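The values are calculated or read from the model by the stated rules, or taken from the named source; none is laboratory data. These figures come from a predicted structure and were not determined experimentally. Glycine gets a Cβ as well: all are built from the backbone with ideal geometry, and neighbour counts include every protein chain shown. SASA here: full protein model, heavy atoms, side chains in, ligands and nucleic acids out. Shrake-Rupley method; radii C 1.70, N 1.55, O 1.52, S 1.80 Å.
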Amino acid sequence: MPEKFLMTPPIDRSDNIIKNHLFRRQFSLKHLKKKVDDEVVEDLPLKTHIVIIFSEKCKQSTCEDVEKVIQEHGLNTELEILSKTEKFLYVSATTETLLKLADEHGLTKKTVTGTMQRFNRYSVNTFLVGDMTEDDLVINSEAPRLIKDTIKPSLMSYFRNGSIEDFFPLHDIDYLNKFTFKVQRKLPIEDIRNYFGSSIGLYFGFLESYTNALVIPTIFGFLQYYFDFSLVTVCAFYMIWTTVFLELWKRRCSTFSYRWGTIEMTSLDKPRAAYYGDLKPDPITGKMIPHYPMKYTYMQMYLVSYPVVFLCAIASMYFAIYQFQIEAEVLHDFGPDSKLLYVPVIVQSVLIAIFSWAYEKLATFLTVTENHRTRCQYDRHRVNKLIIFEIVNNFFSLFYIAFILCDLKQLKYQLMMQLIIFQLVCIAQEIGIPLMAVIRQKITKYMHTEMDEEQRSNVKDINRYEQSFFEGGLDKYTSTYEDYLQICIQFGYVVLFAAVAPFASLGALINNICAIYIDLFKLCNIFKRPFARRAKNIGAWQSGFEVLSVIAVVSNCGLLYMQDEVRETVGKKFPTMPALTFIIFEHLLLVIKFILHKAIHERPRSIRVAQLIDEHETHQALKHLKSLTAVRKNK
């Protein structure tokens with residue numbers, strides 16, 4: 001390689017971070033198919049699945065070492081060193097290699113008989129349903145993930161010493177054209193899963209189900225406002241609505257996870273990359289994998305993590321109470337008509353957002369130190385900590401006003417202010433970030449300078465280089481945590497104090513309709529393409545929504561009991577035990593909720609039958625294999 005070329009001035013990637021959308025359209029990866037006599041020549045280069053960008057300090061010899069490590073796994077690589085700061089390694093795999101990896105990682109695929117079975121590369125024809133070919137067996141989201149899971153453990157030392165700066169899958173331009181951003185009745189959930197993986201697919205499936213379900217409480221909210229329904233009716237309605245919605249979602253979720261081959265995921269699945277411990281044989285596969293004593297994980301959880309969580313929750317309570325003290329002093333000094341009364345509420349709402357951000361970092365650190373084995377376990381325990389704190393952080397002040405200060409007028413005011421600020425923050429995140437990205441694209445579009453001919457001649461594939469360069473400067477999409485958290489808090493505002501907030505569901509519905517398409521747009525254009533994550537449900541977030549639905553029954557019954565006319569009426573009819581009457585009513589609603597929970601099975605009968613058929617087919621195949629083995633031995 002010419003020395004003069006290696007010394008070319010580095011290109012500042014940071015100046016071109018958000019130009020990805022523009023340049024991906026201008027320099028999109030084109031299929032290099034040549035038409036000769038109306039026939040397509042299929043001699044095409046392998047599709048690049050993953051791009052590795054090396055740091056400035058990484059030497060060429062280290063880059064070559066990384067390339068050799070990856071090639072040992074049977075993968076194809078292409079190293080491109082353009083300058084001191086521009087060092088790319090493109091990783092791809094043949095169809096044969098991908099099928100081998102799919103077999104090794106135990107992916108579940110649909111068979112020609114309609115059942116779901118572990119993929120077996122020695123009987124590929126069994127999984128070729130309809131007009132599928134072997135190229136279709138490993139879907140778009142699975143190929144980069146299989147390659148990552150295969151090579152990343154071998155590259156951890158290069159990540160730790162800073163040799164590898166970035167590691168991400170390239171966007172597939174042709175597939176992105178499936179995601180049109182026009183308003184439509186149903187989201188392309190299957191396409192989303194096929195491209196982004198089951199974890200993100202389930203998020204959009206849940207968001208779609210929740211948004212559709214919000215139509216019912218929105219209509220009920222209008223009726224509640226105009227016809228002044230009794231609080232008994234309101235309590236009963238939201239108890240039924242939350243229970244039925246969450247149970248129906250579990251049924252839909254199980255349908256997705258069965259169809260996507262993740263319904264049988266367990267805590268004994270493959271360890272996550274960051275899991276550490278002593279190497280010991282896996283009890284299932286016999287392979288050498290890290291093992292970490294569970295007693296140390298439990299000690300860290302119950303002696304360190306959760307005490308810290310509760311201390312943070314208590315601190316959040318203290319700040320909420322202190323805000324009311326400040327508000328009382330402002331009221332005493334300036335009177336009830338002073339605009340300064342808005343200041344404590346606004347400060348409290350801002351502090352809620354700040355505490356949420358800081359606590360997320362703390363909860364992540366605590367969960368990392370617990371060293372959970374699988375990604376699902378890690379996400380579940382992290383979310384458990386976050387839900388405990390977020391419920392206290394966002395709703396404690398409202399409970400304090402409602403049941404300690406017993407001031408329903410202030411409750412409506414506080415709820416309105418917190419909800420408005422919360423929705424404004426959501427709008428800023430959902431719309432502001434993409435809007436700023438588009439503005440920056442327009443500004444920077446005229447600042448781009450094309451490479452000179454000498455540089456261009458040293459680039460093997462200019463389209464691939466351009467896409468890798470600009471996508472490498474985008475922000476990394478970490479997880480669906482922020483999105484689920486917004487929905488969870490929003491759900492709390494909708495149901496916890498529905499008796500005094502009949503239009504909260506309307507605001508949530510409008511916000512979610514916009515959020516669905518903005519979230520999809522951000523994933524396709526603003527962030528790097530994330531590696532797909534397998535998931536069989538929405539994890540601990542399901543428990544979070546169910547906890548909020550139970551608390552909603554208690555809180556709305558409490559608001560019912562606080563009505564003066566209600567207490568007087570009940571006091572006359574039951575003078576010896578008025579409070580007990582409301583406890584009985586609350587428990588009656590909880591009993592009905594529990595009955596509905598048990599009556600609606602979390603898996604449709606068709607899925608349960610299909611699982612039994614899968615198990616039967618597996619048993620029959622194993623039985624047939626044993627009989628063949630016995631015949632061969634006898635011969």
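What residue, of Ile52, Ile18, is outside any loop (DSSP other than H, G, I, E, B), within 23 Å of Ala532 (Cα to Cα), modelled with pLDDT under 90 and β-branched (Val, Ile, Thr)? Let's see the steps before the verdict.
Details: Ile52 fails: modelled with pLDDT under 90.
That would be Ile18, the only listed residue that is outside any loop (DSSP other than H, G, I, E, B), within 23 Å of Ala532 (Cα to Cα), modelled with pLDDT under 90 and β-branched (Val, Ile, Thr).
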**Message:** Please determine whether any residue of region 594-601 is at pLDDT 80 or above and part of a loop (DSSP other than H, G, I, E, B).
**Reply:** yes
**Message:** What pairs come out if I take residues in region 460-481 that are surrounded by 22 or more Cβ atoms within 10 Å (Cβ to Cβ) and pair them with residues that are hydroxyl-bearing (Ser, Thr, Tyr) whose C-beta lies under 7 Å away, six or more apart or interchain?
**Reply:** Thr480/Ser199; Thr480/Tyr203
**Asked** Out of the residues in region 95-114 that are over 18 Å from Leu146 (Cβ atoms) and among the hydroxyl-bearing types (Ser, Thr, Tyr), which is surrounded by the fewest Cβ atoms within 10 Å (Cβ to Cβ)?
**Response** Thr113
**Message:** Six or more apart or on different chains, Cβ atoms under 7 Å: show the pairs whose first residue is in region 242-264 and basic (Lys, Arg) and whose second is open to solvent by less than 10 Å² (accessible area, probe 1.4 Å) and assigned to a helix (DSSP H, G or I).
**Reply:** Arg252/Gly205
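Which residues, counting only those in region 91-109, are out of contact with any helix residue (DSSP H, G or I) (no Cβ under 7 Å at 6 or more places or on another chain), of a type outside the set (Val, Ile, Thr) and part of a strand (DSSP E or B)?
Applying the first criterion (out of contact with any helix residue (DSSP H, G or I) (no Cβ under 7 Å at 6 or more places or on another chain)) to region 91-109 yields 92, 94, 96-97, 104, 106, 108.
Narrowing further to those that are of a type outside the set (Val, Ile, Thr): 92, 96, 104, 106.
Ser92 - this is the single residue of region 91-109 that is out of contact with any helix residue (DSSP H, G or I) (no Cβ under 7 Å at 6 or more places or on another chain), of a type outside the set (Val, Ile, Thr) and part of a strand (DSSP E or B).
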**Unique residue being more than 19 Å from Ala143 (Cα to Cα) and touching a Pro at 6+ places or on another chain (Cβ under 7 Å) when the list is Thr85, Thr111** = Thr85
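In this structure, is Phe179 part of a loop (DSSP other than H, G, I, E, B) and either open to solvent by less than 40 Å² (accessible area, probe 1.4 Å) or touching a Pro at 6+ places or on another chain (Cβ under 7 Å) (or both)? Quick ask: steps written out before the conclusion?
Working: part of a loop (DSSP other than H, G, I, E, B): yes; either open to solvent by less than 40 Å² (accessible area, probe 1.4 Å) or touching a Pro at 6+ places or on another chain (Cβ under 7 Å) (or both): yes.
When the stated conditions are applied, Phe179 passes them.
Could you pull out the residue among Tyr226, Tyr275, Tyr258 that is aromatic (Phe, Trp, Tyr) and touching a Lys or Arg at 6+ places or on another chain (Cβ under 6 Å)? Before you say what the answer is, go through the steps one by one.
On the way: Tyr226 fails: touching a Lys or Arg at 6+ places or on another chain (Cβ under 6 Å); Tyr258 fails: touching a Lys or Arg at 6+ places or on another chain (Cβ under 6 Å).
Of Tyr226, Tyr275, Tyr258, the one residue that is aromatic (Phe, Trp, Tyr) and touching a Lys or Arg at 6+ places or on another chain (Cβ under 6 Å) is Tyr275.
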**Asked** Only one of (1) more than 20 Å from Thr150 (Cα to Cα); (2) assigned to a strand (DSSP E or B); (3) open to solvent by less than 10 Å² (accessible area, probe 1.4 Å) is not met by Gln117, so which one is it?
**Response** (3)
**Message:** Among (1) in contact with a Ser or Thr (Cβ under 7 Å, 6 or more places away or on another chain); (2) of a type outside the set (Phe, Trp, Tyr); (3) farther than 26 Å from Ile352 by Cα, there is one condition Ala320 misses while meeting the rest; what is its number?
**Reply:** (3)
**Complete:** Counting only helices (runs of 4 or more DSSP H) wholly inside region 446-513, the ones holding at least 2 residues that are within 29 Å of the chain's Cα centre (by Cα) and at pLDDT 80 or above are 462-472, 481-495
**Fill in**
Scanning region 343-367 for residues that are small (Gly, Ala, Ser) and in contact with a helix residue (DSSP H, G or I) (Cβ under 7 Å, 6 or more places away or on another chain), the one surrounded by the most Cβ atoms within 10 Å (Cβ to Cβ) turns out to be Ala363
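Restricting the search to region 581-608, which residues are of a type in the set (A, V, I, L, M) and either surrounded by 11 or more Cβ atoms within 10 Å (Cβ to Cβ) or under 16 Å from Val553 (Cβ atoms) (or both)?
So in region 581-608, the residues of a type in the set (A, V, I, L, M) come out as 583-584, 588-592, 595-596, 599-600, 607.
Across region 581-608, the qualifying residues are Ile583, Ile584, Leu588, Leu589, Leu590, Val591, Ile592, Ile595, Leu596, Ile600, Ile607.
Is it the case that Phe521 is at pLDDT below 90, among the aromatic types (Phe, Trp, Tyr) and touching a helix residue (DSSP H, G or I) at 6+ places or on another chain (Cβ under 7 Å)? So that I can check it myself, show each step before the final result.
Working: at pLDDT below 90: yes; among the aromatic types (Phe, Trp, Tyr): yes; touching a helix residue (DSSP H, G or I) at 6+ places or on another chain (Cβ under 7 Å): yes.
Yes, satisfied.
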